[in-house]
Structure formats: structure tokens, C-alpha cells
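What follows is calculated from the coordinates using simple rules that are stated; it is not laboratory data. Remember, it's a predicted structure, so these values are computed and weren't measured experimentally. Positions of Cβ are generated from backbone atoms using ideal geometry, with glycine treated the same way; all protein chains shown enter the neighbour counts.
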Amino acid sequence: MVSTTEIIFLVEQAPEGGYTAQALNESIFTEADDLETLKIAVKDAVNCHFDTPEHCPKIIRLHIVRDEVFAA
């Protein structure tokens, strides 16, 4: 496995409340009730996904997407 310096997550608000985070280019998914808890969950999921600390990314980037709907 090749070492990665950065991993990117797509973060969206879940329809039932809270947030979901899906890694791009890795099979990592997690969710939480708020953004602070999500950050902890993402970090834990990343550490569990990679077999050794040497393979674990040094930077986790959260790309937060928010849909906003309003009347025209």
C-alpha cells in the first residue's frame, strides 16, 4: 500500500439530521450529529481503515456541501 499525504471527504447534511462523510478514492464512510463529532468520527475511521500509521494520511480535508433552497 502506498502512503498518502492527504485524504478528502465529501460531507453532506443527512436528510434525517446530522452529517455524513464519504471519502473520495477510499471506502470510508461515517456519520455524526454535528460537525465537531463528525471530525472525531472521520479521524477514527481513517485510523481504522489504514493498516499502519505509516500508511495513514497526514491531512484530512473535509469538503462540506450544503444545499440551500429559497423562493425566487
Among beta bridges that DSSP assigns inside the chain, antiparallel share in %, nearest 5: 55
The chain: calculated mean residue ellipticity at 222 nm from DSSP helix runs of at least 4, using -39500 (n - 2.57): -7000 deg cm²/dmol
Label-point separation, GLU68 to ASN47 (7 Å along Cα→Cβ), nm: 3.5
Spin-label model distance (nm) - THR4 vs LYS58, 7 Å beyond Cα toward Cβ: 1.6
Stretch gain in nm, segment GLN13-ASN25, where the contour uses 0.36 nm per residue and the Cα spacing is subtracted: 2.3 nm
Reference-scaled alpha-carbon Rg (2.2 N^0.38 Å with N residues) for region 6-65: 1.06
Where trypsin sites (Lys or Arg not before Pro) fall in DSSP loop in the chain, at most 16 other Cβ within 10 Å: LYS58, ARG66
In degrees, nearest ten, helix 35-49 long axis to first principal axis of the chain (Cα): 30
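Relative contact order for region 6-65 using alpha-carbon pairs under 8 Å, separation at least 6, rounded to a whole percent?
Answer for region 6-65 is 41 percent.
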